[in-house]
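Single-structure report; data block below.
Nothing in this text is a laboratory measurement; each read-out follows from the coordinates by a stated rule. All figures in this text were calculated on a predicted structure; none of them were measured in a lab. Glycine gets a Cβ as well: all are built from the backbone with ideal geometry, and neighbour counts include every protein chain shown.
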C-alpha cells in the first residue's frame, strides 16, 4: 500500500502563497519523505539536445541524459512509462546514485507534447511497486499545473 496522498501533492503544487519553484520543491520533498529517506524524485526537462535536470529532491543527480539513454531517455524516446523493479538487470541503466535499486519514470505531457520525464528512484528492490498508480497520477498533475519545467 502506498503512503503517498495525491491530494496532499496537489495542494502543495497549487499553494497560493508559494511560487511555482517552491511549490514543486515542497511537493517533491513530500513525495520523497513518503517513499523513504534514500529515495529520489525529480524532473528531467526536454530540450533540443536531450533531457536536463530540473526540479528534484534527493542526493546529487545526473545533470543531463541523452535521448534514448538510460531509463529516463528510453521513456522519452518511447513516450511511455517504465517501471524497473531491479535496475541491476539493465544494460542501459545510468547509475547517478549507487543506492538506487528500483526506478519508475513517466512522461509529463502538456498539450499533447512530452515536456519532461518524472523520475523516481528507490533504494529498495521493487520499492516503488505500490506507489506506481499514485506517481502516475502525480505526473498527470504536473502536466496540468506546470508551465515551466
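Structure notes:
- For the chain, the equivalent ellipsoid derived from the Cα gyration tensor has semi-axes of 21, 18, 13 Å, listed largest first.
- For region 37-72 versus region 94-149, the gap between their alpha-carbon centres in whole angstrom: 10 Å
- Cβ-Cβ distance of residue 98 and residue 22, R₀ of 35 Å, FRET efficiency by 1/(1 + (r/R0)^6): the value works out to about 0.70.
- Equivalent-ellipsoid semi-axes of region 61-102, from the Cα gyration tensor, Å, largest first: 16, 13, 8
- Approximating the spin labels as points 7 Å out from Cα along Cα→Cβ, the residue 67-to-residue 147 distance works out to 2.6 nm.
- Model label zone, residue 86; criterion: amide N under 13 Å from point 7 Å along Cα-to-beta-carbon; scope region 111-149: 125-127
- Dividing the C-alpha radius of gyration of region 1-45 by 2.2 N^0.38 Å, with N its residue count, gives 1.15.
- Residue order, fewest to most beta carbons within 10 Å, for 136, 21, 32: 21, 136, 32
- Residue separation of residue 129 and residue 60 scaled by 0.36 nm, minus their Cα-Cα distance, works out to 22.5 nm of gained length.
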